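All remarks here apply to the structure that follows.
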Amino acid sequence: MIREQMSVIQIFKHAGCGQQSCRTLKRFIMLAIALMLVACQPATDEGASAPEIANSGVFTADIVRADNSGWRSHGRTYSEQRHSPLSEISSKTVSDLGLEWSFDLGTSRGIETTPIVHNGIMYVTSTWNIVHALDARTGAKLWSFDPKVDKAQAGKGCCDVVNRGVAIWGQSVFTATIDGRLISLNSKTGEVNWDINTIDKTKPYTITGAPRVVDGKVIIGNGGAELGVRGYITAYSAESGDLLWRFYTVPGNPADGFENKTMEMAAKTWTGQYWQAGGGGTAWDSMAYDPELDLLYVGVGNGSPWNHGIRSPEGGDNLFLSSIVALRASTGEYVWHYQTTPAETWDYTATQHMILAELEIDGKSRKVIMQAPKNGFFYVLDRETGEFISAKNFVTVTWASHIDEDTGRPVENKFARYYGGNKPNIQLPGPLGAHNWHPMSYSPDTGLVYIPAQEAPWVYGEDSEYRYTQGAWNTGTDFTLGMLPSQKAIFAALKASLKGRLIAWDPVEQAPAWTFEHNGPWNGGVLSTSGGLVFQGTADAHFAAYDATNGERLWRFFTQTGIVAAPITYELDGEQFVAVASGWGGSYALVTGGVLPTGSVANVGRVMVFKLGASNALPPLPKTDVTVPAVPESLEVSDDVLAMGVKAYANRCSICHGDQAYSSGLIPNLRYSPITKSRQAWQQIVRGGALEDRGMPNFETILDEETVEAIRAYVISEANSDRGAEFYQSFQ
């Protein structure tokens, strides 16, 4: 028998066949190997207790076949459909669904993990990249691993200190950390196999995404485009951690030479000295893989800076920003790309969830890849060639009228771009996107894609004083718009227009089959099942099941805090379980000061597992004191100083502490912090790094004392604004 760990390319070499000349044979052999390995796979004792972990590991065949006992890859299979054939929990039985067990993650920050389940063991991550191995039947903790990340890295993250989960391969668990490491752990003990650095530590890179493992290669990207980095994605040996290949998503400085012909080609679509701010294009989340084609699909992010007029002043599409890029998984070789937003300038990433499926289009079966990226259009592409098939907007879109069917390019509206003399404008979508990282699902049973969609407008305007600052946010976009006292009506209007919905989208007809309106945006990822159900957690602290055919809500459970993560399902001992992680957070919660739902709190991040007939309850919520502390008296400062504070706060502080110093409830509320009363203490924290070990960055090299004091004056002025105690009760 051929060893499963041997790569497909190695098998071809042994057979005397070159890689490029044998792609047809390659497809046949890959399928044959998968079938052979399934036949040779030792049976798993599903009745064994969790500590009696079988020696069988996870390999390609396990992820391809995806039996019902586990959830062995981020999207369940390499296709990332997030659909399960399990049907015990159905539209007819879901009313009997109840909580079987819960596990307290001990965190007060956003939880975005997708649980991984294999051999009765569940692996999850929590804030600061702590990994937990749990008995999937009972929730009993088997082991935990704390990578002890550098918490100062929190200041380099765009969107909270979150993590989307682990990957498994063989008998190892792989986790990627916010401080740029990739770590291999023993799946039975949690002991470290290897721990490597994947980034240039002198640059503001972070990692929040979950790794994928393909044919013994652990694949991971990174984030940091807002702060100024050059994106790339890398494959490492699952066995040793050795770097196997790396693909850069944007070109570097031409004076240094290009890594390959692909980067030389991409550089022709850029102008100016784009490399000074890195260029961006970080691959911070989504991937999918077709084992038959040996194609890895990578979603690429926004530019650095956002503002295309600054980044590439003489124009150009700026490849491969906001693109889906297909790579040869065995080598990292470029195969094709499709750019969803040419000359991206609005933070319209294409890092959102991608799904592989086969659809009947115009009477023919097509192998497709589907994506609903931030820009608001739902795309269907041929995944073999990258050929554009169709695209339609799935929410209200104001930046473009449509996608041209002949060219596959958006037809932009006249004033969509906010530079070159155009005035600031309110636009949909905003940088939070029409669909963010929260995974969608595809049901082969209904033929529908279920999208966690939202409408979150934004005021785009050029930062006329922009200059690149290493380690700081570099967007070239004026974040103060709507924050000045004279513009508070604009800000209030934006907040009032926030919407969130679950959309069942027909990818062939490019039209909604049904929608369910939520109370607001930033709701969780989606799971569909052959029980005729769609599961989704919501920002208003509930986990719910919907009829997959008509959107009727059939069941709901109060989760005590908002859910942003995606659920999974698995079967053990003949029973179906549904699992989801709760924990309010992420960029919406931090930046907009997203209000915690009534009766909920921030610091109860948990894994919750449900099954039919269960009736357990969550622990009671801790009592909270909603008494609003006294605010410091306003400082006597000039309008110029206050304006300086507004601008500095918007560009340096708002990403964590919220627009207009609104508080998310996830981190200390600056309006009521005693630190604001002391100039000395304020300076020690902001410029002295006194709280770096808690995630508060040191801005000494970015902000001078005068500017830091202006920020304090602004925060105190907001604390004394006309927003009263009733509003802030939700934030305590």
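Restricting to segment 106-144, name every residue that is of a type outside the set (Val, Ile, Thr), farther than 18 Å from Asn163 by Cα, touching a residue at least 40 places away in the same chain (Cβ under 8 Å) and in a strand (DSSP E or B). Even if it seems obvious, please write down each step before you answer.
Kept after step one, since they are of a type outside the set (Val, Ile, Thr), are these residues of segment 106-144: 106, 108-110, 112, 115, 118-120, 122-123, 126, 128-129, 132-137, 139-144.
Filter once more, keeping what is farther than 18 Å from Asn163 by Cα: 118-120, 135-137, 139-143.
Applying the additional criterion that residues be touching a residue at least 40 places away in the same chain (Cβ under 8 Å) yields 118-120, 135-137, 139-140, 142-143.
Hits for segment 106-144 are His118, Asp135, Leu142, Trp143.
Reported count of residues in segment 632-644, each being modelled with pLDDT of 75 or more and either in contact with a strand residue (DSSP E or B) (Cβ under 9 Å, 6 or more places away or on another chain) or surrounded by 15 or more Cβ atoms within 10 Å (Cβ to Cβ) (or both), is 6. Per the conditions (1) surrounded by fewer than 21 Cβ atoms within 10 Å (Cβ to Cβ); (2) more than 23 Å from the chain's Cα centre (by Cα); (3) at pLDDT 95 or above; (4) not hydrophobic (A, V, I, L, M, F, W, C), the sole criterion not satisfied by His337 is (2).
Determine which member of the set Pro629, Pro567, Pro620 is modelled with pLDDT of 85 or more and farther than 30 Å from Gly531 by Cα. Give the steps one after another, and end with the answer.
On the way: Pro629 fails: modelled with pLDDT of 85 or more; Pro567 fails: farther than 30 Å from Gly531 by Cα.
Selected residue: Pro620, the only one of Pro629, Pro567, Pro620 that is modelled with pLDDT of 85 or more and farther than 30 Å from Gly531 by Cα.
Any residue at all in segment 340-351 that's surrounded by fewer than 24 Cβ atoms within 10 Å (Cβ to Cβ) and either at pLDDT below 95 or outside any loop (DSSP other than H, G, I, E, B) (or both)? Reasoning before the result, please.
Here is the first cut: in segment 340-351, the residues surrounded by fewer than 24 Cβ atoms within 10 Å (Cβ to Cβ) are 342-343.
With the extra rule that they be either at pLDDT below 95 or outside any loop (DSSP other than H, G, I, E, B) (or both), the set shrinks to none.
Looking for residues that are surrounded by fewer than 24 Cβ atoms within 10 Å (Cβ to Cβ) and either at pLDDT below 95 or outside any loop (DSSP other than H, G, I, E, B) (or both), one finds none in segment 340-351, hence no.
How many of the residues making up segment 328-345 are in contact with a His (Cβ under 9 Å, 6 or more places away or on another chain) and hydrophobic (A, V, I, L, M, F, W, C)? Qualifying residue count for the region: 1. Can you go through Gly408, Gly386, Gly421 and tell me which one is modelled with pLDDT under 95 and in a loop (DSSP other than H, G, I, E, B)? On inspection, the qualifying residue turns out to be Gly421. When Lys647 is tested against (1) outside the structural domain of Met696 (by TED's automatic domain parsing); (2) modelled with pLDDT of 75 or more, exactly one condition is not met: (1). Scanning segment 86-133 for residues that are surrounded by fewer than 21 Cβ atoms within 10 Å (Cβ to Cβ) and on the phi > 0 side of the Ramachandran plot yields one hit, Gly106.
Has segment 268-280 got at least one residue that is touching a residue at least 40 places away in the same chain (Cβ under 8 Å) and touching a helix residue (DSSP H, G or I) at 6+ places or on another chain (Cβ under 6 Å)? Looking through segment 268-280, at least one residue is touching a residue at least 40 places away in the same chain (Cβ under 8 Å) and touching a helix residue (DSSP H, G or I) at 6+ places or on another chain (Cβ under 6 Å). Checked against (1) more than 14 Å from Ser73 (Cα to Cα); (2) modelled with pLDDT of 95 or more; (3) surrounded by fewer than 22 Cβ atoms within 10 Å (Cβ to Cβ), Ala176 passes all but condition (3).
Being at pLDDT 70 or above and small (Gly, Ala, Ser) is the filter; apply it to segment 602-617 and report the residue that is farthest from Lys92 (Cα to Cα). Don't jump to the end; show me each part of the working.
Taking segment 602-617 and keeping what is at pLDDT 70 or above, we get 604-617.
Now drop any that are not small (Gly, Ala, Ser), which leaves 605, 613-615, 617.
Working: Gly605: 30, Gly613: 14, Ala614: 16, Ser615: 18, Ala617: 23 Å.
The selected residue is Gly605.
Only one of these is more than 19 Å from Ala372 (Cα to Cα) and touching a residue at least 24 places away in the same chain (Cβ under 8 Å): Ala544, Ala539, Ala513. Name it. Let's see the steps before the verdict.
On the way: Ala544 fails: touching a residue at least 24 places away in the same chain (Cβ under 8 Å); Ala513 fails: more than 19 Å from Ala372 (Cα to Cα).
Only one candidate passes the filter, namely Ala539.
Within segment 286-295, one or more residues are closer than 19 Å to Phe377 by Cβ and touching a strand residue (DSSP E or B) at 6+ places or on another chain (Cβ under 8 Å).
On inspection, Trp555 qualifies as touching a residue at least 40 places away in the same chain (Cβ under 8 Å) and in a strand (DSSP E or B). Residues that are surrounded by fewer than 24 Cβ atoms within 10 Å (Cβ to Cβ) and within 18 Å of the chain's Cα centre (by Cα) occur in segment 146-153; there is at least one.
Which number in (1) modelled with pLDDT of 90 or more; (2) within 21 Å of Ala372 (Cβ to Cβ) marks the one condition that Ser497 misses? So the condition that Ser497 fails would be (1). The set of residues in segment 145-163 being part of a loop (DSSP other than H, G, I, E, B) and charged (D, E, K, R) consists of Asp146, Lys148, Asp150, Asp160. Taking segment 234-246 as the range and being surrounded by 24 or more Cβ atoms within 10 Å (Cβ to Cβ) and of a type in the set (A, V, I, L, M, F, W, C) as the test, the residues that pass are Ala235, Ala238.
The values are calculated or read from the model by the stated rules, or taken from the named source; none is laboratory data. This one's a predicted model, so the numbers in the text were calculated from it and none came from an experiment. Positions of Cβ are backbone-derived with ideal geometry, glycine not excepted, and every protein chain shown enters the neighbour counts.
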